[in-house]
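**Q** Encoded as structure tokens, here's the structure I'll be asking about.
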Amino acid sequence: MKQIVTLSGKGGTGKTTVLGSFAALAGDTVLADCDVDAANLYLLLHPQPERTGEYRGARIAVRDPARCAQCGECERRCRFDAITVEAVSAAACEGCGLCVLACPREALTLQTVVNGVLYEGMTTYGPMVHARLSPAAENSGRLVTVVRQRAEEVARRTGRSLILMDGPPGIACTATASLVDTDLAVIVTEPSLSGMHDMARVVQLAEQLRVPMAAIINKADINPDNAADIAEFCASRNIPLLASLPFEEVVVKANAAQIPLVEYDDGPVSQGLRKAWERIWGLAG
Ligand code: SF4
Ligand code: SF4
């Protein structure tokens, strides 16, 4: 089974546009949205829901009011200001368990709470797994791992041998969880100074995790000098540059129409993505 992820140093580089077109070009594959904090791949690929399930993440303190004497010992002990005699803040509770030990009435327990919803659905291009984190819920790195595990299960169950994943921007725990044990990371960047800086951080993370990389420069003609610097940087790190895509209004129109670009148009950006996809197979092998 091969796993390919698109990543970017920051949001808004066109990573999901690229992944959506790769999904259309692959034709029949398993898709996973690992950008769980801002999942939007479903807007392009329109999965028809087949299954949903609860995502149980963090453990937090839960009080049994019938036992509570309102002595305030839990509030005095908590270092995270997560509990008062009236309530526990699910967003602030770190699940350390100190209040549970401190409570003289055994009124508190640690319980695993529902932190989000996991979705499985069918798109024109194969089954898709994505998730939605509950408001203020944390531990999204673990949710990425859960999405990936579910995508692997789907691939095994349905006999598919490729998983395409839309990863998160940045280098937080969600990026690490998306990169671990993947066969290829396609880093999508723009030729701005911040884009170059952020790309270098993602490259460093992928190198630490020993994940092979390739790169795509989006809107390369907006700043040809910076695009040339990125190409030089890629060459210096042995990162194949799959495409330097020009800026085209049609990309915005395809996204607004919620259609993968390669199915909406056959202009220079679409053609660049087709060529990039042709090269990817050799790199992920
Ligand atoms: S320590 Fe226990 S009994 Fe005291 S306020 Fe907290 S939950 Fe209630
Ligand atoms: S489990 Fe820890 S963080 Fe949560 S309320 Fe109790 S003492 Fe505070």
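The values are calculated or read from the model by the stated rules, or taken from the named source; none is laboratory data. None of the values given here were measured: they were computed from a predicted structure. FYI the Cβ positions are ideal-geometry reconstructions off the backbone, even for glycines, and counts take in every protein chain you see.
**Q** Please determine whether any residue of the stretch 100-111 is of a type in the set (G, A, S), assigned by TED's automatic domain parsing to the domain that holds S140 and part of a loop (DSSP other than H, G, I, E, B).
**A** no
**Q** Output the number of residues of the stretch 123-164 satisfying the condition of being among the hydroxyl-bearing types (S, T, Y), in a helix (DSSP H, G or I) and within 25 Å of W277 (Cα to Cα).
**A** Of the stretch 123-164, the ones among the hydroxyl-bearing types (S, T, Y) are 123-125, 134, 140, 145, 158, 161.
Then drop every residue that is not in a helix (DSSP H, G or I), which leaves 140, 145, 158.
Narrowing the set further to residues that are within 25 Å of W277 (Cα to Cα) leaves 158.
Adding up the residues that qualify gives 1.
**Q** Could you go through the stretch 207-217 and let me know if any residue there is buried (at least 16 other Cβ atoms within 10 Å of the Cβ) and of a type in the set (G, A, S).
**A** The answer is yes, given that some residue of the stretch 207-217 is buried (at least 16 other Cβ atoms within 10 Å of the Cβ) and of a type in the set (G, A, S).
**Q** Please find, among G116, G121, G95, G126, the residue that is within 15 Å of ligand 2 (Cβ to nearest atom), closer than 30 Å to G167 by Cα and surrounded by 15 or more Cβ atoms within 10 Å (Cβ to Cβ).
**A** Values: G116 fails: within 15 Å of ligand 2 (Cβ to nearest atom); G121 fails: within 15 Å of ligand 2 (Cβ to nearest atom); G126 fails: within 15 Å of ligand 2 (Cβ to nearest atom).
None of the others qualify; the one that does is G95.
So that you can scan it fast, the table gives a plain yes or no per residue for (1) in contact with an Asp or Glu (Cβ under 8 Å, 6 or more places away or on another chain); (2) part of a strand (DSSP E or B):
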{"position": "L7", "(1), (2)": "no, yes"}
{"position": "A24", "(1), (2)": "yes, no"}
{"position": "A32", "(1), (2)": "yes, yes"}
{"position": "A38", "(1), (2)": "no, no"}
{"position": "E50", "(1), (2)": "yes, yes"}
{"position": "A61", "(1), (2)": "no, yes"}
{"position": "P65", "(1), (2)": "no, no"}
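**Q** State all residues of the stretch 129-146 that are in contact (Cβ under 8 Å) with a residue 12 or more places away in the chain, out of contact with any Asp or Glu (no Cβ under 7 Å at 6 or more places or on another chain) and on the phi < 0 side of the Ramachandran plot; if no residue qualifies, say none. Spell out how you get there, then give the answer.
**A** Step one: filter the stretch 129-146 for residues in contact (Cβ under 8 Å) with a residue 12 or more places away in the chain, giving 129-134, 136-146.
If we keep only those that are out of contact with any Asp or Glu (no Cβ under 7 Å at 6 or more places or on another chain) as well, we get 131-132, 134, 136-139, 141-146.
Matches in the stretch 129-146: A131, R132, S134, A137, E138, G141, R142, L143, V144, T145, V146.
**Q** Got a number for residues in the stretch 73-91 being near ligand 2 (Cβ under 7 Å from one of its atoms) and in contact with a Phe, Trp or Tyr (Cβ under 9 Å, 6 or more places away or on another chain)?
**A** Final tally of qualifying residues: 0.
**Q** I would also like to ask the following. May I ask you to list the residues in the stretch 258-282 that are surrounded by 14 or more Cβ atoms within 10 Å (Cβ to Cβ) and hydrophobic (A, V, I, L, M, F, W, C)?
**A** I259, L261, V262, V269, L273, A276, W277, I280 - these are the residues of the stretch 258-282 that are surrounded by 14 or more Cβ atoms within 10 Å (Cβ to Cβ) and hydrophobic (A, V, I, L, M, F, W, C).
**Q** Kindly provide the set of residues from the stretch 25-72 that are within 16 Å of ligand 2 (Cβ to nearest atom) and exposed (fewer than 15 other Cβ atoms within 10 Å of the Cβ), ordered by number.
**A** Here is the first cut: in the stretch 25-72, the ones within 16 Å of ligand 2 (Cβ to nearest atom) are 57-65, 67-68, 70-72.
Matches in the stretch 25-72: D64, P65, R67, Q70, C71, G72.
**Q** Based on this model, can you work out whether P191 counts as closer than 20 Å to G53 by Cβ, part of a loop (DSSP other than H, G, I, E, B), without any contact (Cβ under 8 Å) to a residue 60 or more places away in the chain and not assigned by TED's automatic domain parsing to the domain that holds C68?
**A** Values: closer than 20 Å to G53 by Cβ: no; part of a loop (DSSP other than H, G, I, E, B): yes; without any contact (Cβ under 8 Å) to a residue 60 or more places away in the chain: yes; not assigned by TED's automatic domain parsing to the domain that holds C68: yes.
No; evaluated as a whole, the condition is false for this residue.
**Q** Name, by its number, the condition in (1) within 30 Å of I163 (Cβ to Cβ); (2) not assigned by TED's automatic domain parsing to the domain that holds A131 that does not hold for V62.
**A** Here V62 meets the rest and fails (1).
**Q** Filter the stretch 81-90 down to residues that are surrounded by 13 or more Cβ atoms within 10 Å (Cβ to Cβ) and away from ligand 1 (no atom under 11 Å from the Cβ) and give me whichever is farthest from P135 (Cα to Cα).
**A** Restricting attention to the stretch 81-90, the residues satisfying the condition of being surrounded by 13 or more Cβ atoms within 10 Å (Cβ to Cβ) are 82-85, 88-90.
Remaining after also requiring away from ligand 1 (no atom under 11 Å from the Cβ): 82, 89-90.
Details: A82: 17, S89: 13, A90: 11 Å.
Here the residue is A82.
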